[in-house]
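The values are calculated or read from the model by the stated rules, or taken from the named source; none is laboratory data. None of these values were measured; they are calculated from a predicted model. No Cβ is skipped: glycine too gets one built from the backbone with ideal geometry, and neighbour counts run over all protein chains shown. The protein model used for the area step is the full one, side chains on, heavy atoms only, and it has no ligands, DNA or RNA in it. Shrake-Rupley method; radii C 1.70, N 1.55, O 1.52, S 1.80 Å.
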Amino acid sequence: MNFKFIRIIAFQEWRTAFRSKIPLVLYAVLLAVILLSAFTGWQYVNEFNKQQANARHDVNEHWMNQPNRHPHRVAHYGYLVFREKSPLSFFDFGLDSYVGNSVFLEAHRQNTVNMSEAGFSNGMLRFGELSMALVFQLLVPLFIIFIGFHTVAGLKQNGVLKILLSQRASYFDILLGKTLGLTAVSWALFLPVLLLGLITGVTFLYGETSTLPVVRIGFLFLIYGLYMFIVSLAVVAVSAISKNAANALVLLVLAWILCFIVIPKGAQTLGNNIYNAPDKIAFENAIEKDVSEQGDSHNPDDPHYAQLKSETLKKYGVDSIQNLPVNYGALVMQEGEKISSGIYNSHYDKLIITYKSQNSISAILAFTDPFLAIRNISMTVCGVDFETYSEFQKQTENYRFEKTRKINEIHLTKISYKNDRDQKADQSNWQKQADFEFKPVSIFDTLKNAALGFAALLIWAITGFAVLKYISSIRKYQL
């Protein structure tokens, strides 16, 4: 490779891009769309977090102000927990609008996450939301296509390519120089906007720079830069195999439709068809069926609870539940809670495996479509992906079980079995319980979850070099 010649070609590509007014007009339009999406995304997340903080305060206040009550009534009073949107969710909305951010917790019942934006929308949400990530993933490649489709094909049409090749220039060096020039233009125009938008958005959301997720922002900067490089490689490759600029533009627009519309929609449909997931009613019915088969706490002749009674009497050395030092009714409730929670977790884990299998289709197809790779990585790094959603559901169930267990403990030790329903426990008992705090997926696990998509992008980049090398070796592509 002649690096000096590659640098000259790249610089020439840079000058050509800025010589015409059309790229600048396109860039101005895109910049306006990026700023609009950044502002609307930031405003939405900021308002959402404020509303959620108020709702959380009200829920906690109602819980704390409960009067002296029977613990079982407190357990059924219920509690609403929330998940604050991640700092980078203003950049990439991901799945947040579809899966919800709150769960109502109550004894003996496992509720799913609800109150999603899609649930309250009028149907327009199905057409997608305008986020910064969407602009960088869909529209920036279109910009690179429009400024680069003629980059090699144009040289063929005006005969400049033959002149360059006759001066002992390597065709591979020309293609490489064109790729680097096109990449440099896209990086110079969009990466500063990306970085500034991420830093400014998070700073305005939290009012300080100490909360900046530096590693996540740095990783987004890296992968979007790599993504633009891959798109530039593809544009130069298609332009190099095309006889003229018009053919190159048609091919590139068709490829854009294939990669950004057809394959993503096909991946979703294929995943749903191969790995069927039960609907909400079937999921809940299956849990109820298993719980009823395991044991009925309200049936005195049920074998499971008859054995529990026998073992409890033996443990405390008494001959009747009235003589137990603890409340047997609370013991039965806690046993029922343990059974239902275990069965729910088992079914939920199977459901998560099914959903992950569906998502694996998209992850595999990322090796054929870089858009799928960047989309999956971006959602993961911004904390709006499926892993974050399922982690929230798991943490809420653990919190619900532990909260109910503590209330049953109060029932067990502070309410006597005789005249159970007529007694009350002091409100200070449940006022001591900690509030729910969602722990986001760690940065280590986030990067691990994004590894497959990152590998797909690296393979795309390496394959792009190989394709350019192959094209440069074929005589007909030089004419």
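One line per residue, one yes/no per condition, for (1) open to solvent by less than 10 Å² (accessible area, probe 1.4 Å); (2) in a helix (DSSP H, G or I):
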position	(1), (2)
ALA240	yes, yes
LEU254	no, yes
ILE257	no, yes
ILE263	no, yes
GLN268	no, yes
PRO278	no, no
ALA282	no, yes
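You will find that of ASN272, ASN247, the residue that is surrounded by fewer than 15 Cβ atoms within 10 Å (Cβ to Cβ) and within 28 Å of ALA373 (Cα to Cα) is ASN272 and no other. Against the criterion of being of a type outside the set (Lys, Arg), exposed (fewer than 12 other Cβ atoms within 10 Å of the Cβ), modelled with pLDDT of 85 or more and out of contact with any Cys (no Cβ under 7 Å at 6 or more places or on another chain), SER357 does not qualify. Condition first: among the aliphatic types (A, V, I, L, M), surrounded by 12 or more Cβ atoms within 10 Å (Cβ to Cβ) and closer than 15 Å to PHE143 by Cα. Can you find one or more residues in segment 44-58 that meet it? No. Among the conditions (1) in a helix (DSSP H, G or I); (2) within 22 Å of the chain's Cα centre (by Cα), the only one that PHE172 does not satisfy is (2).
Among the residues of segment 366-424, just one is over 29 Å from HIS347 (Cα atoms), of a type outside the set (Asp, Glu) and free of Cβ contacts under 8 Å to residues at least 24 places away in the same chain, namely ASN419. Taken together, the residues in segment 430-459 that are in contact with a Phe, Trp or Tyr (Cβ under 8 Å, 6 or more places away or on another chain), aromatic (Phe, Trp, Tyr) and part of a helix (DSSP H, G or I) amount to 1. Could you tell me whether HIS76 is closer than 26 Å to ARG109 by Cβ and surrounded by 15 or more Cβ atoms within 10 Å (Cβ to Cβ)? For HIS76, the condition - closer than 26 Å to ARG109 by Cβ and surrounded by 15 or more Cβ atoms within 10 Å (Cβ to Cβ) - is not met. If the condition is being open to solvent by 40 Å² or more (accessible area, probe 1.4 Å), part of a helix (DSSP H, G or I) and either at pLDDT 90 or above or within 23 Å of VAL135 (Cβ to Cβ) (or both), then segment 16-26 contributes PHE18, LYS21, ILE22, LEU24, VAL25, LEU26.
For residues in segment 307-351 being among the aliphatic types (A, V, I, L, M) and part of a loop (DSSP other than H, G, I, E, B), which is surrounded by the most Cβ atoms within 10 Å (Cβ to Cβ)? Step by step, filter segment 307-351, then rank; the result is LEU324.
Which of the residues spanning segment 445-479 are touching a Pro at 6+ places or on another chain (Cβ under 9 Å) and open to solvent by 80 Å² or more (accessible area, probe 1.4 Å)? Residues satisfying the conditions do not exist here.
Just to verify a result, which residue in segment 429-444, among those that are under 30 Å from ALA55 (Cβ atoms), among the aromatic types (Phe, Trp, Tyr) and within 24 Å of the chain's Cα centre (by Cα), is surrounded by the fewest Cβ atoms within 10 Å (Cβ to Cβ)?
PHE438
For segment 44-55, indicate whether the set of residues that are at pLDDT 90 or above, under 30 Å from ASP173 (Cβ atoms) and in a helix (DSSP H, G or I) is non-empty. Taking every residue of segment 44-55 in turn, none turns out to be at pLDDT 90 or above, under 30 Å from ASP173 (Cβ atoms) and in a helix (DSSP H, G or I). Within segment 360-404, the set of residues being open to solvent by 20 Å² or more (accessible area, probe 1.4 Å) and part of a loop (DSSP other than H, G, I, E, B) comprises PHE367, THR368. Determine, yes or no, whether VAL235 is open to solvent by 10 Å² or more (accessible area, probe 1.4 Å) and assigned to a helix (DSSP H, G or I). Spelling it out, it is not the case that VAL235 is open to solvent by 10 Å² or more (accessible area, probe 1.4 Å) and assigned to a helix (DSSP H, G or I). Which number in (1) buried (at least 18 other Cβ atoms within 10 Å of the Cβ); (2) in contact with a strand residue (DSSP E or B) (Cβ under 8 Å, 6 or more places away or on another chain) marks the one condition that SER37 misses? Among (1) buried (at least 18 other Cβ atoms within 10 Å of the Cβ); (2) in contact with a strand residue (DSSP E or B) (Cβ under 8 Å, 6 or more places away or on another chain), the lone unmet condition for SER37 is (2). For segment 291-301, the criterion of a residue being under 35 Å from the mean Cα position of the chain (by Cα), closer than 30 Å to ALA330 by Cβ and either among the small types (Gly, Ala, Ser) or surrounded by 17 or more Cβ atoms within 10 Å (Cβ to Cβ) (or both) is satisfied by at least one position. Pairs linking a residue in segment 98-122 that is part of a helix (DSSP H, G or I) to a residue that is among the acidic types (Asp, Glu) and modelled with pLDDT under 70, with Cβ atoms under 9 Å and 6 or more positions apart or on different chains, are TYR98/GLU117.
Taken together, the residues in segment 428-437 that are in contact with a helix residue (DSSP H, G or I) (Cβ under 8 Å, 6 or more places away or on another chain) and at pLDDT 85 or above amount to 2.
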